[in-house]
Amino acid sequence: MPLISKSLWAAAAVFAAGFTPVASQALTQQAEGAVPPGYNANCNCYRAVPYGSTTWLEPTTRKMARQVMDIWMPTGFGGARPIVYYGHPNGTSNFIALDKTAGSLYSRFVKPLTDQGYIVVSYEFRHPVVNYVAGSPAPRYDIQKAINYFANQYAVTLNADTTNSFITGQSRGGGLGLLTALTGSFTNGTTVRALWTYQAQTTFNCTEMANDFVLESDRALFMTQCTAVPGAGSSLKAVGPSAPPIHAAYDRPFRMELVHASDVDVHYPDFGYQLCRQYQAKTEGANTCQAAPSVAGDTAWVGMADYFNAHRQ
């Protein structure tokens, strides 16, 4: 499956250009320490908290989406609470159901974190490829906006420790979360201590992908299939000496060699392999990259809470 086909890009552009967004009121300016709206006692969480007023059509779901986040709170923990930010995969949404069965995302992801005192923030966001319209800036800053809005507006009220912030996500949520951690501009003391991702894309640059992953004989073909988005970004190029530690897991074994164009898709495992090579070359000793191949989806978050605990300060 090609990374992002031009036909998908064209469909996304048509949907976005031909659909009139739902009118949305600008957010009312709030003072630091405001209480989030939408509290639900059943889940001890705040649902659909706005962090912006932008709306858009998600081509994969064919539904309108908006800049909102859910905030899951721990119970019975005093003192400042660390924060975990979560980005969902493409084709789903930020909404995580309160499903206490063993295989649910709540049981595998949210509960292990809130049980150890973490606040979990799950945000909705645009993708810089699927939601790109020619001539418009790539919408890659939604995650940064959500993190800063939470930190500026709600950290005081919720006793959130912005200096112990962690980013996680799957697929596009993991890839854009990583890009945000490496290139973002954060406010109100937000410091990303570590990341945990699953199936994360580590570059959205077509030329870079062709050169780093594709056999030379297939690169021209790959370039016809890959959507070039100005300013989409590359985590591989953004790794520097102070890059935060990351655990990057993938559902297939690493190839560790150049492959045919058809082998490089949005979850290509060597995205993580190349990321760790950049970490090895450019970061200081403590800022490590762990790349884990052949990890099944139902075990993707096992060990995450302990990993974050080890990197709290």
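Summary of values
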quantity	calculated
Whole-Hz ³J(HN,Hα) from phi, Karplus 6.51 cos²θ - 1.76 cosθ + 1.60, for segment 127-141, glycine and proline x	9, x, 10, 4, 9, 7, 10, 3, x, 10, x, 5, x, 10, 10
Descending Cα extents along the principal axes, segment 98-199, whole Å	45, 33, 21
Alpha carbon centroid spacing (whole Å) that separates segment 185-231 from segment 124-165	19
Percent of Cα-Cα distances greater than 28 Å, calculated over the chain	38
Taking the C-alpha atoms of segment 75-129, convex hull volume expressed per residue in Å³	87
Of all accessible heavy-atom area on the chain, the percent that carbon and sulfur account for (1.4 Å)	53
Protection proxy ranking of 249-261, 272-284, 35-47, 77-89 - average other beta-carbon atoms within 10 Å, highest first	77-89, 272-284, 249-261, 35-47
For the chain: accessible area per residue (Å², 1.4 Å)	42
Solvent exposure, largest accessible area first (probe 1.4 Å, DNA, RNA and ligands not counted), of 172, 219, 62	62, 219, 172
Rounded to 5, the percent of DSSP beta bridges in the chain classed as antiparallel	35
Principal semi-axes in Å for segment 133-258 [√(5λ), Cα gyration tensor, largest first]	31, 17, 11
Contact order relative to length of the chain, as percent, for alpha carbon pairs under 8 angstrom and 6 or more apart	18
Ordering of 92-103, 207-218, 229-240 by packing [mean C-beta count within 10 Å, highest first]	229-240, 207-218, 92-103
³J(HN,Hα), Karplus 6.51/-1.76/1.60, whole Hz, each residue of segment 105-111, x for Gly, Pro	5, 4, 5, 8, 10, 6, 4
Segment 217-313: radius of gyration and largest Cα-Cα distance (Dmax), Å	15.4, 48
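The values are calculated or read from the model by the stated rules, or taken from the named source; none is laboratory data. All values reported here derive from a predicted model rather than from experimental measurement. Glycine gets a Cβ as well: all are built from the backbone with ideal geometry, and neighbour counts include every protein chain shown. With ligands, DNA and RNA removed, areas are computed over all heavy atoms of the protein, side chains included. Shrake-Rupley method; radii C 1.70, N 1.55, O 1.52, S 1.80 Å.
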